[in-house]
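To keep things clear, I will list the structure first and then write my remarks on it.
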Amino acid sequence: SSYKFKVHQVVTVLNSNGNYHSSIRLGIDKFNNVEKVQVKVFDASGKLYKSYVKKDFETEAAYEGISLFTDDKVLKLQSGISGYPYTIEVEYIQSTTGYIELPNWYISNHDASVESFRFHVSVPAHLDIRHRTLNFDIQPKVDSAGIEKTYVWEARNIPVKKRESHGFEPAQYLPQVE
């Protein structure tokens, strides 16, 4: 059993509070591999400042000093630019084998609103997936065409979900599809 997970994320950083978006970290191990990755950084005028591919990432141990032995690694890239605003576009394809369930997809808006969200899952037409949404009310659009069935969740203009000081972890309050 295997699947491919394609991510396309565009973030505009308006000030130093959003600089953490310029640090890209992708987990890999014997079951998860990043096939393709491309990162583009645009300046305030929308002009391409720099482009990165997989060979520009550094590989390091995911759990340094925590475990005696693990194959878990992280591909990491620091892609910032001086001056604000700037935009970071990240696209990657992660292939996974030996899975039990699909990963949850969080709408990460604990510090910024989300202009557009789209989560798309394709499966063979004879299969269904079990799913639910947490912390927001949205149902997928389900379509069967030929040998494939697709589930698509879409939302626009999702406001910030402010985290309370010393409050719950983000999984408890962020909107998500699981």
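Measuring with a 1.4 Å probe in the full set of protein chains, what accessible area per residue, in whole Å², belongs to the range 20-96?
I get 62 Å² per residue for the range 20-96.
In nm, give the distance between the simple-model label positions of ARG156 and ASN33, each being 7 Å from the Cα along the Cα-to-Cβ direction.
Computed distance between label sites ARG156 and ASN33 equals 4.0 nm.
Quick one: net charge around LEU174, please, counting Lys, Arg +1 and Asp, Glu -1 for every other residue with C-beta under 14 Å from its C-beta.
Taking every other residue near LEU174 into account, the sum is -1.
Using protein chains only and a probe of 1.4 angstrom, how many square angstrom of THR97 are accessible, to the nearest 10?
About 70 Å², rounded to the nearest 10.
In whole percent, how big is the carbon plus sulfur part of the accessible area of the range 32-104, probe 1.4 Å, protein atoms only?
Its accessible area is 49 percent carbon and sulfur atoms.
Using the structure shown, list the pairs from LYS6/LYS73; LYS6/LYS30; LYS4/LYS149; LYS36/LYS141 with a Cα-Cα distance above 24 Å, or answer none.
Exceeds cut-off: LYS36/LYS141.
Measuring with a 1.4 Å probe in the full set of protein chains, what accessible area per residue, in whole Å², belongs to the range 119-171?
Accessible area per residue, the range 119-171: 79 Å².
Tally up the carbon and sulfur contribution to the accessible surface of the range 116-178 as a whole percent, 1.4 Å probe, everything protein left in place.
The C+S portion of the solvent-accessible surface of the range 116-178 is 49 percent.
For the chain, just run the numbers: alpha carbon Rg, then divide by 2.2 N^0.38 Å, N being how many residues it has.
1.13
Extension gain ARG163-ILE129, at 0.36 nm per residue separation less the Cα-Cα distance, in nm?
9.1 nm
The values are calculated or read from the model by the stated rules, or taken from the named source; none is laboratory data. This is a predicted model, so every value here is computed, not measured. Glycine gets a Cβ as well: all are built from the backbone with ideal geometry, and neighbour counts include every protein chain shown. SASA here: full protein model, heavy atoms, side chains in, ligands and nucleic acids out. Shrake-Rupley method; radii C 1.70, N 1.55, O 1.52, S 1.80 Å.
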